[in-house]
Amino acid sequence: MRQFTGVDKLIHSFDQALRSLVPGATAAHRENPANIEETQLAVSEARHVAGLMRVNHSGEVCAQALYHGQALTAKLPNVRREMEQAAIEEQDHLAWCEDRLKELDSHTSLLNPVWYGLSFGMGALAGIAGDKYSLGFVAETERQVSLHLEDHIRQLPEQDDRSRKILVQMNEDELHHRDTALNAGGVDLPTPVRIAMTGISKLMTKTSYYI
Ligand SMILES: [Fe+2]
Ligand SMILES: [Fe+2]
């Protein structure tokens with residue numbers, strides 16, 4: 001098997017980052033769950049949904065970065081395949097959120113490179129700390145993402161079934177990712193780490209809604 005040098009890994013990471021950050025560069029592997037007719041949204045409703053979907057899209061950029069950082073540093077002898085599968089499902093989420101933003105005539109967040117960099121660094125650090133922390137980090141991230149998604153589903157205008165179908169499928173996947181990471185030996189993270197993660201995610205949701 002070919003041995004990858006540090007430069008190979010650097011180029012690979014850069015390629016992954018670009019694919020996550022450049023609009024249109026990620027294609028979904030599964031069909032978009034929003035397979036029903038568009039319904040009419042008032043201007044203010046559409047604006048709110050776009051804000052929510054922009055936050056969710058940023059969250060998926062973070063998920064990409066987390067899995068990419070983890071893959072670089074964690075050993076994961078038994079669950080590498082499962083983690084790769086989760087990362088592929090995150091690509092679907094990213095593409096579906098982007099599609100919905102386009103339908104709403106809106107855009108992805110300008111801050112995504114910042115979130116990608118932060119999450120990549122945290123994912124890589126958790127991998128260096130050890131697999132049980134790395135998996136614990138995945139589990140905690142997925143848990144927090146799921147809470148956001150459930151909140152956003154509640155906030156959607158009643159008639160916006162296209163957005164709802166996407167978010168419901170994403171939530172189902174995230175809970176599965178969380179359980180996979182926990183079953184693989186992910187541990188509870190120290191409280192200060194969890195507080196820091198909540199803080200960063202609050203900052204992300206507050207800003208990506210607007211820009
Ligand atoms: Fe996701
Ligand atoms: Fe996930």
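Details
- Of the residues making up the stretch 187-195, not a single one is of a type in the set (Asp, Glu), touching a helix residue (DSSP H, G or I) at 6+ places or on another chain (Cβ under 7 Å) and in a helix (DSSP H, G or I).
- Of all residues in the stretch 85-115 being within 13 Å of ligand 1 (Cβ to nearest atom) and open to solvent by 10 Å² or more (accessible area, probe 1.4 Å), the one that is farthest from Ala25 (Cα to Cα): Gln85
- Residue under evaluation Lys75, criteria (1) closer than 22 Å to His93 by Cβ; (2) touching a residue at least 40 places away in the same chain (Cβ under 8 Å); (3) surrounded by fewer than 24 Cβ atoms within 10 Å (Cβ to Cβ), criterion not met: (1)
- You will find that of Leu66, Leu101, the residue that is closer than 28 Å to Ile166 by Cβ and either of a type in the set (Lys, Arg) or within 11 Å of the chain's Cα centre (by Cα) (or both) is Leu66 and no other.
- Only one entry of His176, His152 meets the criterion of being at pLDDT 95 or above, over 13 Å from the mean Cα position of the chain (by Cα) and within 11 Å of ligand 2 (Cβ to nearest atom), and that entry is His176.
- The stretch 126-163, subset within 16 Å of ligand 1 (Cβ to nearest atom) and farther than 20 Å from Ala87 by Cβ, residue most open to solvent (accessible area, probe 1.4 Å): Leu147
A quick yes/no check of all residues on (1) in contact with a helix residue (DSSP H, G or I) (Cβ under 9 Å, 6 or more places away or on another chain); (2) of a type outside the set (Phe, Trp, Tyr); (3) away from ligand 2 (no atom under 16 Å from the Cβ):
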| position | (1), (2), (3) |
| --- | --- |
| Arg47 | no, yes, yes |
| Ala71 | yes, yes, no |
| Arg100 | yes, yes, yes |
| Thr108 | yes, yes, yes |
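- Conditions (1) within 13 Å of ligand 2 (Cβ to nearest atom); (2) out of contact with any helix residue (DSSP H, G or I) (no Cβ under 9 Å at 6 or more places or on another chain): number failed by Ser146: (2)
- Count of the stretch 179-211 residues, restricted to those that are within 16 Å of ligand 2 (Cβ to nearest atom), closer than 18 Å to Leu125 by Cβ and either over 17 Å from the mean Cα position of the chain (by Cα) or hydroxyl-bearing (Ser, Thr, Tyr) (or both), is 2.
- Restricting attention to the stretch 187-211 and to residues that are within 17 Å of Glu60 (Cβ to Cβ) and hydroxyl-bearing (Ser, Thr, Tyr), the residue that is least open to solvent (accessible area, probe 1.4 Å) turns out to be Ser208.
- Options Glu82, Glu90: the member that is of a type in the set (D, E, K, R) and either over 21 Å from Leu118 (Cα atoms) or touching a strand residue (DSSP E or B) at 6+ places or on another chain (Cβ under 7 Å) (or both): Glu82
- Tabulated pairs, the stretch 135-148, first under 14 Å from Val168 (Cα atoms), second away from ligand 2 (no atom under 12 Å from the Cβ), C-beta under 9 angstrom, 6+ apart or interchain: Val145/Ser201; His148/Val55; His148/Ser201; His148/Thr205
The values are calculated or read from the model by the stated rules, or taken from the named source; none is laboratory data. Everything numeric here is computed off the predicted structure, so don't read it as measured data. Note: ideal-geometry Cβ built from the backbone for every residue, glycine included; neighbour counts use all protein chains shown. Accessible surface areas use protein heavy atoms only, side chains included; no ligands, DNA or RNA. Shrake-Rupley method; radii C 1.70, N 1.55, O 1.52, S 1.80 Å.
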